[in-house]
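The values are calculated or read from the model by the stated rules, or taken from the named source; none is laboratory data. These numbers were taken from a predicted model, which means no experiment stands behind them. Every residue, glycine among them, receives a Cβ derived from its backbone with ideal geometry; neighbour counts consider all protein chains shown.
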Amino acid sequence: MPNHDYETQLRQQVLLETHNRVKQQAKKFVYVTVQKEGYHCFPEAATDPQFATGDKYDVSHLASRHFHYFYIKVWVEVTHSNRSIEFIQLRRWIDELYGEGVLSLDNASCEMIAENLYDQIAERYPGREVRIDVSEDNINGALIEFKR
């Protein structure tokens, strides 16, 4: 005759152990968001037939210097749950990297902005996974995951 109480307890114990293992092995990140005004351009858009299509998909106007609000969201891996990186300090530091005023980003794409920012973050917080999302006007953008 099966012992249902024992089987129920065993099932609950397995679930609890699984839950604790998943929780212990979870990757932890803090994230911050900064917003910057800036100008950039995409010179190739004027001449590359992939972009200067002459139809409703034409984006040749992007070759000229134009303005965006750049939204930058950064996730940095942390090693424990109690302020391994204090996110207010992280946000202030990232904000300070870009300085005051309107950015002049030349021909930098969202991906290039993310890669340049990663170089700074990796120097300050080595050996951590980082995700960086850079968008124009909080509408279109790029997400890059920098894994160990």
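For this structure, a couple of remarks:
- Verdict on residue 26 being small (Gly, Ala, Ser) and at pLDDT 95 or above: no
- Scope the stretch 125-148; condition more than 19 Å from residue 37 (Cβ to Cβ), among the small types (Gly, Ala, Ser) and not in a loop (DSSP other than H, G, I, E, B); matching residues: none
- In the set 97, 90, only one residue is in a helix (DSSP H, G or I), surrounded by fewer than 16 Cβ atoms within 10 Å (Cβ to Cβ) and of a type in the set (A, V, I, L, M); that residue is 97.
The rows are residues; the columns are (1) in contact with a Ser or Thr (Cβ under 6 Å, 6 or more places away or on another chain); (2) not hydroxyl-bearing (Ser, Thr, Tyr).
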| position | (1), (2) |
| --- | --- |
| 11 | no, yes |
| 22 | no, yes |
| 43 | no, yes |
| 47 | no, no |
| 52 | yes, yes |
| 60 | no, no |
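- Lone unmet requirement of (1) assigned to a helix (DSSP H, G or I); (2) at pLDDT below 95 for residue 2: (1)
- Residue within the stretch 59-67 that is under 23 Å from the mean Cα position of the chain (by Cα), in contact (Cβ under 8 Å) with a residue 40 or more places away in the chain and closer than 25 Å to residue 97 by Cβ present: no
- Looking at 128, 124, just one residue is over 16 Å from residue 62 (Cβ atoms) and surrounded by 18 or more Cβ atoms within 10 Å (Cβ to Cβ), and that residue is 128.
- Checklist (1) within 27 Å of residue 44 (Cβ to Cβ); (2) outside any loop (DSSP other than H, G, I, E, B); (3) not hydroxyl-bearing (Ser, Thr, Tyr) applied to residue 122, failing item: (1)
- Number of positions in the stretch 55-87 that are out of contact with any Phe, Trp or Tyr (no Cβ under 6 Å at 6 or more places or on another chain), surrounded by 12 or more Cβ atoms within 10 Å (Cβ to Cβ), over 19 Å from residue 139 (Cα atoms) and β-branched (Val, Ile, Thr): 2
- Identity of the residue in the stretch 3-52, over 30 Å from residue 100 (Cβ atoms) and touching a residue at least 40 places away in the same chain (Cβ under 8 Å), that ends up surrounded by the most Cβ atoms within 10 Å (Cβ to Cβ): 28
- Within the stretch 52-87, considering residues that are of a type in the set (D, E, K, R) and not in a loop (DSSP other than H, G, I, E, B), the one nearest to residue 133 (Cα to Cα): 73
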